[in-house]
Amino acid sequence: MAYKVFANGFPLPASDLNNYLMRQSVMVFASSGDRSSILTDPVEGMLSWLQDSNKFQYYTGSAWADLLPSFTQTVSDKSANYTIVAGDAGSMIRSTGSAITITIADVLAVGEKIDFYQAGAGAITFAAGSGVTLQSKDGNLATSAQYVGATVQKMASGSYALIGDLG
């Protein structure tokens, strides 16, 4: 739908209110439940502010989605060897005990990353899964000491950068 400039003195039909004002504004709701009960027929592109969670959401045409990414990072503890999954994107994996191997499977989208933190005494060793190339300084593939971190980020199809305190 187009953008419209309203002029003084012209009639304002309900269709103009619905098409130009209601669908092209940020609507404020107490909660997503409140929004669902009031706005029963959302249209793709609608934008809302939820007061209970303090976030903007937009309607994709089939569901409401967060407009801005969450800045809270999920932390999961690992004490045994592990292969990353798509759901790990944007999270931190913390090793809590002895040495473990993290296998980097080709499951992330380009640009997505996962942080790693060696909380325990054992190093985190990174291994390339099937079809994955890991690139790191001097080919180092393990954390260097306790209390250090590393990040793996997908750069292109099958190509991952491993960045951090590696030795």
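Only the coordinates and a few stated rules stand behind these numbers; no lab work does. Here the structure is a predicted model, which means the values were calculated and not measured. For neighbour counting, all protein chains shown are included, and Cβ atoms are generated from backbone atoms with ideal geometry for every residue, glycine included.
A few remarks follow.
- Rounded to the nearest 5, the antiparallel percentage of DSSP beta bridges internal to the stretch 14-66 is 65%.
- Rounded if a/c under 1.5, otherwise prolate or oblate - the stretch 14-66, Cα gyration tensor axes: prolate
- The simple Förster model, with R0 at 45 Å and r as the Cβ-Cβ distance, assigns Ala127 and Ser32 a FRET efficiency of 0.65.
- Averaged over residues, the count of other Cβ atoms within 10 Å places the peptides 110-116, 36-42 in the sequence 110-116, 36-42, highest first.
- Part-to-part distance (alpha-carbon centres) for the stretch 1-75 and the stretch 128-151, which is given in Å: 43 Å
- Calculated P(r) tail over 22 Å for the chain, as whole % of Cα pairs: 58 percent
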